[in-house]
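Derivation of every value follows stated rules applied to the coordinates shown; laboratory data play no part. Only a predicted model underlies this, so the values are computations on that prediction, with no experimental measurement involved. Because the Cβ atoms are built from the backbone with ideal geometry, glycine has one as well, and the counts that use them run over all protein chains shown.
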Ligand code: KIV
Ligand code: NA
């Protein structure tokens with residue numbers, strides 16, 4: 001299958017064909033996402049929490065993001081890969097933002113970058129786009145601002161907040177983002193925003209009227225064992241499967257059942273040295 005582009009993704013919206021996106025952080029997961037025919041892979045800064053064990057997304061660095069994006073691109077050469085710009089990689093200056101965004105394409109081989117924020121980020125978004133780098137916007141619950149938001153909460157439930165979100169979405173579209181992630185906003189608001197834009201919206205906790213959906217790899221596959229947020233659907237229970245497999249391995253090694261004959265290499269006994 002040919003890799004999606006910013007153009008084919010917009011065409012999907014026009015045809016009312018849903019866009020599928022999943023996060024991935026390494027080679028095997030990227031291969032699986034590509035084989036499943038997922039439209040877009042996000043190397044999310046959720047890497048910090050899902051893979052690196054941090055409490056928030058804030059600690060993950062540009063170098064870590066690039067390292068993982070490279071692995072994903074090796075596994076999914078025919079899939080549209082988006083690198084997620086980490087905290088403080090696009091906040092200091094436009095120049096810094098363009099340099100960091102460029103690394104995702106130049107060093108890691110991604111097709112686009114994502115960054116969080118609305119009106120206050122228009123300057124850097126325009127600078128990145130004018131460098132020829134496609135930008136995926138991200139509004140609603142923006143985890144890099146967790147401390148400012150006072151926790152992970154649904155955004156846009158009040159009139160003023162809802163209007164702000166719609167305005168931000170319009171401004172991002174005008175600035176030239178090719179699509180927009182909407183995270184944890186009421187479904188009816190996501191519908192209004194999606195209908196007000198010609199670029200696709202990709203929802204996570206934003207209802208079925210978005211033009212596409214994204215989920216975090218570990219959530220969708222049931223690898224994360226801790227509490228499941230309302231918006232996640234687990235399509236597998238890999239945590240339990242992996243745990244069972246590891247326990248079976250441990251038991252079989254301890255009991256001597258593994259390795260069995262079929263796992264062993266033999267040799268001509270004439271060539272076997274004598275016991276020392
Ligand atoms: O980092 C991430 O995984 C994300 C998605 C949840 C949109 O930003
Ligand atoms: Na993210």
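When the strands (runs of 3 or more DSSP E) confined to segment 1-115 are screened for residues that are more than 16 Å from ligand 2 (Cβ to nearest atom), farther than 22 Å from residue 144 by Cα and touching a residue at least 24 places away in the same chain (Cβ under 8 Å), those reaching at least 2 such residues are found at 19-23.
When you check residue 157 against the structure, is it over 30 Å from residue 72 (Cα atoms) and not in a helix (DSSP H, G or I), yes or no? Spelling it out, residue 157 is indeed over 30 Å from residue 72 (Cα atoms) and not in a helix (DSSP H, G or I).
Criterion first (under 14 Å from the mean Cα position of the chain (by Cα) and more than 23 Å from residue 232 (Cβ to Cβ)) does residue 21 satisfy it? When the stated conditions are applied, residue 21 does not pass them.
Against the condition surrounded by 15 or more Cβ atoms within 10 Å (Cβ to Cβ), within 24 Å of residue 46 (Cα to Cα) and away from ligand 1 (no atom under 14 Å from the Cβ), how does residue 99 come out, does it pass? So residue 99 fits the description; yes. Is there a residue in segment 209-219 that is surrounded by fewer than 21 Cβ atoms within 10 Å (Cβ to Cβ) and either farther than 21 Å from residue 46 by Cα or over 17 Å from the mean Cα position of the chain (by Cα) (or both)? Yes; the residues of segment 209-219 include at least one that is surrounded by fewer than 21 Cβ atoms within 10 Å (Cβ to Cβ) and either farther than 21 Å from residue 46 by Cα or over 17 Å from the mean Cα position of the chain (by Cα) (or both).
All conditions in (1) closer than 23 Å to residue 81 by Cα; (2) assigned to a loop (DSSP other than H, G, I, E, B) hold for residue 185, with the sole exception of (1).
Consider residue 173 carefully, then state whether it is more than 27 Å from residue 55 (Cβ to Cβ) and exposed (fewer than 15 other Cβ atoms within 10 Å of the Cβ). In short, no.
Only one of these is within 12 Å of ligand 1 (Cβ to nearest atom) and either over 13 Å from the mean Cα position of the chain (by Cα) or within 18 Å of residue 112 (Cβ to Cβ) (or both): 56, 5. Name it.
On the way: 5 fails: within 12 Å of ligand 1 (Cβ to nearest atom).
Among 56, 5, only 56 is within 12 Å of ligand 1 (Cβ to nearest atom) and either over 13 Å from the mean Cα position of the chain (by Cα) or within 18 Å of residue 112 (Cβ to Cβ) (or both).
Looking at the structure I just gave you, is residue 232 surrounded by 12 or more Cβ atoms within 10 Å (Cβ to Cβ) and assigned to a strand (DSSP E or B)? Walk me through it before giving the result.
Values: surrounded by 12 or more Cβ atoms within 10 Å (Cβ to Cβ): yes; assigned to a strand (DSSP E or B): no.
Against the criterion (surrounded by 12 or more Cβ atoms within 10 Å (Cβ to Cβ) and assigned to a strand (DSSP E or B)), residue 232 does not qualify.
Checked against (1) on the phi > 0 side of the Ramachandran plot; (2) under 15 Å from the mean Cα position of the chain (by Cα), residue 136 passes all but a single condition, namely (1).
With (1) in contact with a helix residue (DSSP H, G or I) (Cβ under 6 Å, 6 or more places away or on another chain); (2) within 23 Å of residue 129 (Cβ to Cβ) as the list, and residue 207 as the residue in question, which single condition is left unmet? The one condition residue 207 does not meet is (2).
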